[in-house]
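Have a look at the structure below, then the notes.
No lab work stands behind these numbers, since they all come straight from the coordinates. What you see is a predicted model; the values in this text were computed from it and never measured. As a convention, Cβ positions derive from the backbone with ideal geometry for all residues, glycine included, and neighbour counts pool all protein chains shown.
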């Protein structure tokens, strides 16, 4: 996982030409995900959903070749100095945890409370994972708002279900899947990192 910021620009020289990569809000597949565009002199790529497609399409257009260029290299993610600068002044970095080698849960926001059934987590805490729901691959977004444990189920940027309960255990009982796990496990609350 790379730290990116909307508006970020990097520049790299390849075969004597300077390529500038920019991160924008939205791409041709999803307006809620980052977009990447690359420019060299007066030529520009389309807004792509990843940096590799942006640099590769422009490089091929300019040099009339089938060479594929690493987007993460162009973004500078192979350099510790760029990573350090991007992470400067950031208090929290999203992280992922695995439960039972079956699910990878992404924790992307923290919050604290004294609610015993929430195991110390609180409003502001958010985590998600991908799993099958009603025969579709979906994203389960889990969060705490006020006194509620909430799980939203998303498919292709559309919220298809919303569940609420007083605790992670209660809300996951309402959903009725992944019964071999406790709701607190699915929220990522029983892991040492959280």
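A few points about this structure:
- Over all pairs of different C-alpha atoms in segment 1-153, the reciprocal of the mean inverse distance, the Kirkwood hydrodynamic radius, equals 18.1 Å.
- With q set to 0.12, 0.17, 0.24 Å⁻¹, the log10 of I(q)/I(0) for segment 9-87, from the Debye formula over equal scatterers at the Cα positions, is -0.32, -0.63, -1.12.
- Neighbour counts of other Cβ atoms within 10 Å put 45, 70 in the fewest-to-most order 70, 45.
- Ranked 138, 38, criterion: other C-beta atoms within 10 Å, fewest first: 138, 38
- Descending Cα extents along the principal axes, segment 85-178, whole Å: 42, 30, 28
- Value at 222 nm in deg cm²/dmol, rounded to 500, when DSSP H runs of n ≥ 4 in the chain each add -39,500 (n - 2.57): -5000 deg cm²/dmol
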